[in-house]
Amino acid sequence: MSLLHSWGRVPDAPQRGHGCSWRSELPASVARVVADHRSTLPYGNGRSYGDSCLASSDQVLQMRGLDRLIEADWAGGVVQVEAGMTLAELLALAIPRGWFLPVTPGTQFATVGGAIGNDVHGKNHHRRGTFGNHLLSFGLLRHGEPVVECSPDDNAELFAATIGGLGLTGLICWAKVRLIPVRASQINTRTVRFGGLAEFFALSSTLDSQHEYAVAWVDCMASGAQRGRGVYIVGDHARYGSLEVGERRKLGVPFAPPVSLVNRYSLKPFNSLYWRAHPKVLTDGRSHYEPFFYPLDRILHWNRIYGRRGFQQYQCVVPESTSQDALSEVLSQVSAAGQGSFLAVLKRCGHLRSPGLLSFPMPGTSLALDFPQSTELGAQLFPRLDAIVREAGGRLYPAKDAHMSGADFRHAYPAWERVEALRDPTLMSRFWKRVIV
Ligand SMILES: Cc1cc2nc3c(=O)[nH]c(=O)nc-3n(C[C@H](O)[C@H](O)[C@H](O)COP(=O)(O)OP(=O)(O)OC[C@H]3O[C@@H](n4cnc5c(N)ncnc54)[C@H](O)[C@@H]3O)c2cc1C
């Protein structure tokens, strides 16, 4: 048994992982863990930042061993895979055959089960919605019951509750996903830096609809006239090129230093240099898909640079009508606090509704910021940011969260009661216990 953590390591709650290699063994594995510890939680690859992938019993069922391709229709672009397969493994099968993930988050090390559990979104949310929008069906195992197939037509309520259902409604054993066709694994990009949020919204209003992918980096240390400056990037799958899969050499951070290497002294000059390194006018480029979608995956264990105390990500989405004012206020609070990180991502979300009951995105704008863990975060900065997001009618992303109040969660996700009604009583996370129980 190995000890497991969430990506941000906050809270510091090491988990005992109970592995499983075969779908046929899953019912017995669950029964054993439940008999010994009363409750458990499926764990994909621990790429959630906070406590949503941590069991309240600290005993998780490791799904990663279930990583096989079950069936594929390479003519029609539909694959049935086990839930522990990572997105990287799925891409390695699909790309050479001319297919790509319809939606991908910023890490390819998430599993298919985890992508469903958080109903992940990516740089093309404005066009294709969330991962759940492309799910045809999945097999769900609930304690003491046979595996049931869930789809929009069969067991539809369980289907909706499980997409973004945070692993609480049962164990996803396999999933059937519809892929998108591609002719090359390269991405044609266009990049430009912007001077403030108003410029970002203008760029995004004109260009998002013309491109498959759109995202922006924002300099969260910039203040005054420079507040909200950043770099806007759009991209599309190239029409000509090779269908080569990325196996680029990965660098690694060997251990977590005692204190975070990310702090206000290192960040300010770094962010400034990074911003200046980007073009003033929209500039065309071409990128392999890995650095375009997964720049951070290049450095294995990059989360260790935040030191042994770990870090928290603050990701909110606010509705269109309040986006610019609310996010400007959020950035102003962050730069005034001298907190913040290199990783600060802005993304306009689209109108396509997810079938998931607890799906995070809404039509509006999402902002994600990383912070080294400190007591000030929970005591000072986060309460201020929460108040802004609440008043703007927005919400926080459970996949990234380690601090949201139960009242804020229940208000922002009113369908929580329907998920709770369908929760497998033997499954309980630290997150759910914090916000519901
Ligand atoms: C660098 C980086 C970038 C990211 N970028 C994005 C992004 O752009 N968009 C986005 O949406 N997210 C993003 N994320 C978050 C990440 O995609 C999600 O947290 C994802 O759910 C992690 O998948 P995982 O397999 O590691 O699952 P885990 O983190 O282990 O688990 C996630 C949830 O799914 C449940 N679960 C896992 N497997 C199963 C299963 N087989 N059956 C039922 N439930 C299951 C768990 O109980 C848990 O509630 C990013 C994370 C990182 C580290």
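Out of everything in segment 129-146 that is open to solvent by 10 Å² or more (accessible area, probe 1.4 Å) and touching an Asp or Glu at 6+ places or on another chain (Cβ under 8 Å), what residue ends up being nearest to the ligand (Cβ to nearest atom)?
Among them, the one singled out is Arg142.
Where residues in segment 152-208 are among the β-branched types (Val, Ile, Thr) and away from the ligand (no atom under 16 Å from the Cβ), which of them is surrounded by the fewest Cβ atoms within 10 Å (Cβ to Cβ)?
The extreme case among them is Thr206.
Could you list, in sequence order, the residues of segment 178-226 that are more than 24 Å from the chain's Cα centre (by Cα) and touching a residue at least 40 places away in the same chain (Cβ under 8 Å)?
Within segment 178-226, Arg183, Ala184, Val192, Arg193, Ala198, Ala222, Ser223 meet the criteria.
Looking only at segment 13-55, which residues are open to solvent by 30 Å² or more (accessible area, probe 1.4 Å), in a loop (DSSP other than H, G, I, E, B) and under 19 Å from Leu166 (Cα atoms)?
Correct list: Pro14, Arg38, Asn45, Arg47.
Only one residue in Trp99, Trp74 is among the aromatic types (Phe, Trp, Tyr) and either surrounded by 21 or more Cβ atoms within 10 Å (Cβ to Cβ) or not assigned by TED's automatic domain parsing to the domain that holds Cys173 (or both), so which one is that?
Checking each option against the conditions leaves just Trp99.
Run Val419 past the list (1) closer than 26 Å to Val33 by Cβ; (2) assigned to a loop (DSSP other than H, G, I, E, B); (3) in contact with a helix residue (DSSP H, G or I) (Cβ under 8 Å, 6 or more places away or on another chain) and report the number of the one that doesn't hold.
The number of the failed condition is (2).
Which count do you get for residues in segment 389-406 that are within 17 Å of Leu54 (Cβ to Cβ), away from the ligand (no atom under 14 Å from the Cβ) and open to solvent by 30 Å² or more (accessible area, probe 1.4 Å)?
1
Which residues, counting only those in segment 105-121, are in a loop (DSSP other than H, G, I, E, B) and open to solvent by 10 Å² or more (accessible area, probe 1.4 Å)?
Listed by number, the residues that qualify are Pro105, Gly106, Thr107, Phe109, Ala110, Asn118, Val120, His121.
Could you figure out which of (1) touching a strand residue (DSSP E or B) at 6+ places or on another chain (Cβ under 6 Å); (2) open to solvent by less than 10 Å² (accessible area, probe 1.4 Å); (3) among the β-branched types (Val, Ile, Thr) isn't true of Val345?
So Val345 meets the others, but not (2).
Collect the residues in segment 364-388 that are closer than 16 Å to Val318 by Cα, in contact with a helix residue (DSSP H, G or I) (Cβ under 7 Å, 6 or more places away or on another chain) and away from the ligand (no atom under 16 Å from the Cβ), keeping them in residue-number order.
Scanning segment 364-388 gives Arg384, Leu385, Asp386, Ile388.
Of the residues Ser48, Ser21, Ser29, Ser57, only one is more than 9 Å from the ligand (Cβ to nearest atom) and touching a Lys or Arg at 6+ places or on another chain (Cβ under 8 Å); which?
Within the list Ser48, Ser21, Ser29, Ser57, the selection yields Ser57.
Could you please find all residues in segment 251-273 being more than 19 Å from Asn303 (Cα to Cα) and within 24 Å of the chain's Cα centre (by Cα)?
none
Please specify each residue of segment 71-99 satisfying the condition of being assigned to a strand (DSSP E or B) and closer than 29 Å to Pro425 by Cβ.
Those that are assigned to a strand (DSSP E or B) and closer than 29 Å to Pro425 by Cβ: Gln80, Val81, Glu82.
The values are calculated or read from the model by the stated rules, or taken from the named source; none is laboratory data. All values reported here derive from a predicted model rather than from experimental measurement. All Cβ positions, glycine included, derive from the backbone under ideal geometry; neighbour counts span all protein chains shown. The protein model used for the area step is the full one, side chains on, heavy atoms only, and it has no ligands, DNA or RNA in it. Shrake-Rupley method; radii C 1.70, N 1.55, O 1.52, S 1.80 Å.
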